[in-house]
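Quick notes on the structure that follows.
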Amino acid sequence: MKKHEIAYQKTGYFSKLMCDYLDQKEDIQHLYGNFPTLEGFKKQIDLKKESFLAEDRTILVQDLTQQYFGFDASEATKTNIASLLNENTFTITTGHQLNLFTGPLYFLYKIVSTINLTKELKETYPEYDFVPVYWMATEDHDFEEINHFFYKGNKVSWERESGGAVGRFSTEGLEEVLSLLKEEMSSNRNAKYIQDLFERAYLNHKTLADATRYLVNELFGEYGLVIVDGDRKALKNLFAETMQEDILENLAQRKVEKTNEEIQKNYKVQVNPREINLFYLEENSRERIIAEKEFYKINNTNLVFTEDALIDDLYKNPEKFSPNVILRPVYQETILPNLCYIGGGGELAYWLELKSYFDTQKLAFPILLLRNSGLLMTNKQFQKMEKLNISIEEIFMKQDDLINKKVKELSHPDLDFTEQIASLEQMFASFEEVAEKTDKSFIGAVNAQKTKQLKGLKNLEKRLLKAQKRKLYDVVTRIQMLRGELFPNQSLEERKRNFVEMYENYGEDLIPALFENMKPLEQNFTILEME
């Protein structure tokens, strides 16, 4: 196995905001706290230690112990849960939806990043303990986002009615998904393991939350991963005051909107706050809480509360109140002694909107770390790249740009008119200077002629390139096929493929290979040339 790397900024798959964050651009540094370096983590430890209460640790450990009742937790996980009672123990957290069978491949990369970071921090700061946490997004209600995964380009879906928090969904009907999977998969030992794992996870557990806990525990429990379900009364009780403030004062909306006004001058805003950033949870529904004059209405229901009645319900039944994307990070950081959140570019983009609101809550804003990203290649695919003289950086180019580049490199005479275009622009610059000194009325004519000549030259280049592509049809086809294998649907592999497909090919070597090669603080995109 060989490891190759490329900076995230050079891949073309990460937003300007994420690239500027990685480059620590000065004009966005106020949007976050400590940066993900070993030195930054020492500062974060001191910051979190000051603000996290011992009694909250007790409640957290008691509830986690209850959450794991009936599950075969590893000794490493049990030790990590117990260690959370200690003021010198902190968490490193990632989160994800309850995608069917983990969903996109990058789900694995998130957890590998989280566990690897705890190991590195322990080596650097042995006087502290660091617990890797996977936060299950059990309260999400967008079933269409999680009810499928892709296997060899085909969409494997779970068909059922949606409604309410997905973690509470019954797993009834998933035997049909397993049957379909068995038809598509090979009969090798790796495929049999996957099928058995699916059956044990989804057919032997009643809810999607329990099935997901079992599945993730089977894959990562030996590494001490602690799986947290936030849809719990005892944990939400710790967050009740913040939820009351959001209902009555709308502080999150004001703070985040002000930050977003600034962000949108140079970047895309990821999410927008609402007046009230809470849903009301019932058995089969999760609906927004909306303020209407002196009352509070639960959207799409007949439920209406006075202010006093709603706040009374909040403190008696906090489990009925569910944070949205704005408040969920605040909830997480309230109940966990957390130092760092590890997520994808889109996730970190909305965390960057929240710093000013965290400050109002006197809550330590966590370090934000871009999760590891990866591309898994076979030796054969890498050899194809070498034969086509394609470098690691070039394979990340847009397909048409890559083809044009390689066709030009193989063409004689040279089809790249960059020099000619530059010469033409320089020549017309001198013409414009002459017109400026003689008769300014000719400047328009000069510019019009410049536009015409440049357009003609570029059109000629395109026509010659198109003709040369026909001549080099074999090369063009080979590039298209290779890039299609590595970037399905012109997207990153990790966003389209599921670990089922990879485990079927690489078996029990897959996850250890990820742990060995993915280094979260290096902040590089990892390409693994697999055996």
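None of the figures in this text is laboratory data; all of them are computed from the coordinates on show. Since this is a predicted model, take the numbers as computed values, not measurements. Neighbour counts run over all protein chains shown; Cβ positions are idealised from the backbone, glycine included.
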Margin query: Can you give me the C-alpha center-to-center distance between the stretch 98-127 and the stretch 128-174, rounded to a whole angstrom?
Written below: 19
Check: Which of the trypsin sites (Lys or Arg not before Pro) across the stretch 12-86 are loop residues per DSSP, with 13 or fewer other Cβ within 10 Å?
Finding: Lys25
Item checked: Sites matching GluC sites (Glu not before Pro) across the stretch 146-245 that sit in DSSP coil, with at most 14 neighbouring C-beta atoms within 10 Å -> Glu159, Glu161, Glu172
Item checked: Where Cα atoms sit under 17 Å apart: lysine pairs in the stretch 129-255 separated by 8 or more or lying on different chains -> 4
Check: So what's the back-of-envelope 222 nm ellipticity for the chain, counting only DSSP H runs of four-plus at -39500 (n - 2.57) apiece and dividing by all residues, rounded to 500?
Finding: -15000 deg cm²/dmol
Notebook entry, point to check: How about the stretch 268-316: which trypsin sites (Lys or Arg not before Pro) there lie in a loop by DSSP and see at most 14 other Cβ atoms within 10 Å?
Noted result: Lys268, Lys293
Note to self: Which entries of Lys10/Lys355; Lys384/Lys405; Lys48/Lys265 have Cα-Cα distances beyond 21 Å here?
What the structure shows: Lys10/Lys355; Lys48/Lys265
Next item on the list: Specify the inter-centroid distance of the stretch 201-260 and the stretch 1-46, based on alpha-carbon positions, in whole Å.
Entry: 25
Checklist line | Residues in the stretch 492-508 reached by a label modelled at Tyr13 [backbone nitrogen below 18 Å; 7 Å Cα→Cβ] | finding: 492-503
Margin query: Taking Cα Rg over 2.2 N^0.38 Å straight from the coordinates, which label in [x] 1.14; [y] 1.18; [z] 0.94 is the correct one?
Written below: [x]
Note to self: Considering only C-alpha atoms, what is the centroid distance from the stretch 313-334 to the stretch 500-531, in Å?
What the structure shows: 36
